[in-house]
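Any read-out appearing in this document is the output of simple, stated calculations on the displayed coordinates, not a laboratory observation. Worth saying up front: this structure is predicted, and the values here are computed from it rather than measured.
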Amino acid sequence: MPSPFSGPFAHLADLREIPIPPQAPAHALVRGYRETPLDLTDSRAAEPLVEVTSLGIAAANHYAHDRNPPYYAVMPGSIPGVWLREGAAARLAAVNARLADAGLELLTLDGWRSTALQAHMHDVWVPNALRQRFPGKSEAEIAREVGLYWAAPTVDPRYPAPHATGGAVDLTLRWIDSREPLWMGSLFDETSGLAHPDHFERASDTVAFSDEEARRNRRLLHHLMTEAGFAQNPTEWWHYGHGELMWARLTGAPAGFYGMADPPV
Ligand SMILES: C[C@@H](N)C(=O)N[C@H](C)C(=O)O
Ligand SMILES: [Zn+2]
């Protein structure tokens, strides 16, 4: 049933009422997704990277400036702008076209990512932060926790990390006029259960307006992105992919078709 508070969302209000499906099957599927085949003979494998702003898509690379909680620093290996494969960027433009009448747009936070940045986050920054937060955890437990939220870096072209392909994107929703992001219930790059897309679906006993709002906004983003052909990382409300290995594993496609992409700048 549409919410009585749905006014500004216009024709998109209904999407805020449809629950995100339970993510347990997706959690099981993504295990070992880097072993999924990659078909680089597919014509889409040759698509260039494009800067998303060239298609009118808003971008603020979260790793390339220092007002970026929880880091508050420009991260080593970051690049200015958000770059994606042409086909993935075109799908975002189609999502923006659906959002425009409601005064909303996507705000992309990262696309193609260097191996240097992936390695810094996966091997250094995130494990160090988790060691401080959980001094009692073993190194194996820390590594497992990091792996829930960050893909291991590699230069082996058979097993590219999602963002190394230009087919993965981190993003949120914002109002076009005020540029105010919608409330999603956690920081971007949260590394706890709060980041899981269905977190607020399961928290059914909550009576907080904040949680209800996050639940509805995550649903809106989820349905728009999956209807546009993206697959959602089951541990992150902001991470979606198309054409890369996690997408292939989650959608049941026989292979991914975006391999590692050369740096755009
Ligand atoms: C944590 C986040 N920004 C991210 O992109 N995670 C995925 C799984 C990745 O590292 O590819
Ligand atoms: Zn991501």
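Grab the DSSP H runs of the chain that are 4 residues or longer, score each as -39,500 (n - 2.57), total them, divide by all residues and round the 222 nm result to the nearest 500 deg cm²/dmol.
Numbers: 8 runs with 76 residues, N = 265.
Taking each H run of at least 4 residues, the total per residue is -8500 deg cm²/dmol.
For the chain, give the share of DSSP beta bridges that are antiparallel, in percent and rounded to the nearest 5; count only bridges with both residues there. Intermediate values should be presented prior to the final figure.
Working: 15 of 18 bridges.
Restricted to the chain, the bridges split so that about 85 percent are antiparallel.
Normalising by the residue count of the chain, find the relative contact order in percent from Cα pairs under 8 Å and 6+ residues apart. Kindly include the intermediate steps, with their values, before the conclusion.
Values: 461 pairs, mean separation 70.0, N = 265.
Answer for the chain is 26 percent.
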Where Rh is the Kirkwood radius over Cα pairs, Rg/Rh for segment 1-152: 1.01
Estimated D of segment 109-220 in µm² per second, where Rh is the Kirkwood radius over Cα pairs and Stokes-Einstein applies at 10 °C, 1.306 mPa s: 99 µm²/s
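Hull surface divided by four, with the convex hull built on the Cα atoms of segment 170-265: how many nm²? Intermediate results must be reported in sequence, preceding the final value.
Numbers: hull surface 32.4 nm².
Hull-based average projected area comes out at 8.1 nm².
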Using the alpha-carbon centroid of each, what span in Å lies between segment 213-250 and segment 48-126? 15 Å
Rg and Dmax of the chain, Cα atoms only, in Å: 17.8, 52
What are the ³J(HN,Hα) values, in whole Hz, obtained from phi via the Karplus relation 6.51 cos²θ - 1.76 cosθ + 1.60 with θ = phi - 60°, for each residue of segment 112-124 in sequence order, with x given for Gly and Pro? 4, 10, 6, 5, 4, 5, 4, 5, 4, 5, 6, 9, 10
Where the eigenvalues come from the Cα gyration tensor of segment 1-85, what are the semi-axes √(5λ) of the equivalent ellipsoid, largest first, in whole Å? 30, 25, 18
